[in-house]
């Protein structure tokens with residue numbers, strides 16, 4: 001459940017959907033615009049959909065057949081006040097149980113809604129604490145400015161080696177995906193680990209909640225990050241039992257600062273634009289609110305796709321990769337005709353030859369790290385096989401087997417590849 005603010009309503013108007021709603025009454029929940037009546041019943045009003053091309057559709061819900069008097073957020077807060085008091089008291093009592101724990105207390109704060117609720121609860125408790133905002137180098141200006149306005153302390157990742165997120169992906173030649181990422185480790189967790197002395201007893205306050213994900217559903221009140229190693233650090237989760245709905249009602253009741261990104265329609269305010277856990281519902285917001293950052297990231301994705309020949313790795317088109325594939329949305333076991341046609345056009349090869357780059361395996365039955373048949377994804381290796389065994393060959397060796405058969409060292413392999421490229425061989 002996410003409140004719908006006037007900024008998002010105005011965005012919808014700009015995109016062609018002027019529906020009769022206003023701030024202070026309506027909620028967005030899993031693609032449905034909803035509202036409560038005073039009896040506590042929630043009503044489905046409109047369906048909100050983001051298409052694959054990042055256009056939107058808003059249509060009247062089939063259940064919306066009658067005219068109701070909907071309750072305001074303030075009225076909902078009043079109706080839910082006993083629950084909010086119960087949650088607040090339980091959380092504050094939990095925090096107060098650590099008053100004399102002999103640890104330095106730190107509230108980590110991303111300026112997100114959960115962090116801000118924890119911040120408020122900690123202020124109401126008897127804990128003495130400091131608040132730290134970690135500069136990930138990928139947050140939008142609204143988050144950084146909010147942290148400065150609230151006078152939070154700042155921690156930074158190790159910028160000496162990488163210089164920031166965009167420099168890191170270039171240095172490592174990596175695009176974060178849901179299954180292959182290290183950005184949180186480097187730019188969030190490591191920043192905390194490096195900043196605070198390893199020999200100091202620490203107590204951290206986190207805004208993680210059970211309802212956020214399957215992984216976090218099993219979390220208890222105390223959480224210890226395995227990446228902390230042998231440090232005597234403890235993490236507390238004072239709002240782990242709260243729902244999104246509870247969080248928002250409490251924010252409104254207590255007049256807690258709201259990150260502007262929420263008002264724009266975002267459900268999360270962490271790392272902007274490039275987080276692989278975002279989806280098209282977020283990308284349509286990025287495209288509207290942060291067009292320069294949005295386009296910069298898509299240019300990076302396009303360059304990565306071409307440079308690393310990801311037609312051969314993911315069996316998808318460039319457009320599929322940019323709009324779905326980079327974060328794990330598209331991956332095929334075999335290429336479609338469209339994929340081969342696009343690779344043929346970009347590479348300038350004959351189509352029959354271009355098709356020979358796809359789904360080739362080492363004939364020596366080599367296995368990859370997962371003990372599966374070794375698929376040859378490297379264009380240079382595929383090209384080398386066709387250069388020596390003929391462009392229509394069905395015999396392919398992985399790089400290791402090819403070098404062994406030729407009796408080459410790595411230096412000799414690199415020289416051969418470079419020589420063929422310099423000679424203008426189209427296979428490379």
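The values are calculated or read from the model by the stated rules, or taken from the named source; none is laboratory data. As the structure is a computational prediction, the values presented were derived from the model and not from experiment. Ideal geometry is used to build each Cβ from the backbone, glycine not excepted, and the neighbour counts take in all protein chains shown.
Confirm whether residue 247 is out of contact with any strand residue (DSSP E or B) (no Cβ under 8 Å at 6 or more places or on another chain), surrounded by 17 or more Cβ atoms within 10 Å (Cβ to Cβ), part of a loop (DSSP other than H, G, I, E, B) and touching a residue at least 40 places away in the same chain (Cβ under 8 Å).
Details: out of contact with any strand residue (DSSP E or B) (no Cβ under 8 Å at 6 or more places or on another chain): yes; surrounded by 17 or more Cβ atoms within 10 Å (Cβ to Cβ): yes; part of a loop (DSSP other than H, G, I, E, B): no; touching a residue at least 40 places away in the same chain (Cβ under 8 Å): yes.
Judged against the criteria, residue 247 is not a match.
Residues that are under 20 Å from residue 110 (Cα atoms), in contact with a helix residue (DSSP H, G or I) (Cβ under 7 Å, 6 or more places away or on another chain), crowded, with 19+ Cβ neighbours inside 10 Å and modelled with pLDDT of 95 or more are absent from the stretch 267-284. Of everything in the stretch 324-340 that is within 16 Å of the chain's Cα centre (by Cα) and surrounded by 20 or more Cβ atoms within 10 Å (Cβ to Cβ), the residue that is nearest to residue 352 (Cα to Cα) is 325. Of the residues 319, 304, the single one that is surrounded by fewer than 18 Cβ atoms within 10 Å (Cβ to Cβ) and either within 18 Å of the chain's Cα centre (by Cα) or not assigned by TED's automatic domain parsing to the domain that holds residue 15 (or both) is 319. Being surrounded by 13 or more Cβ atoms within 10 Å (Cβ to Cβ) and within 30 Å of the chain's Cα centre (by Cα), is that true of even one residue in the stretch 73-81? Scanning the stretch 73-81, I find at least one residue that is surrounded by 13 or more Cβ atoms within 10 Å (Cβ to Cβ) and within 30 Å of the chain's Cα centre (by Cα), so the answer is yes.
Is at least one residue of the stretch 60-72 under 32 Å from the mean Cα position of the chain (by Cα) and without any contact (Cβ under 8 Å) to a residue 60 or more places away in the chain? Walk me through how you get there before you give the answer.
The first filter runs over the stretch 60-72 and keeps only residues under 32 Å from the mean Cα position of the chain (by Cα), leaving 60-61.
Filter once more, so that each one left must be without any contact (Cβ under 8 Å) to a residue 60 or more places away in the chain: 60-61.
Looking for residues that are under 32 Å from the mean Cα position of the chain (by Cα) and without any contact (Cβ under 8 Å) to a residue 60 or more places away in the chain, one finds at least one in the stretch 60-72, hence yes.
Between 387, 399, the distinction of being out of contact with any strand residue (DSSP E or B) (no Cβ under 7 Å at 6 or more places or on another chain), in contact (Cβ under 8 Å) with a residue 40 or more places away in the chain and either surrounded by 17 or more Cβ atoms within 10 Å (Cβ to Cβ) or over 30 Å from residue 179 (Cα atoms) (or both) belongs to 387 only.
Of the listed requirements (1) touching a residue at least 24 places away in the same chain (Cβ under 8 Å); (2) farther than 24 Å from residue 262 by Cα, residue 100 misses just one: (1).
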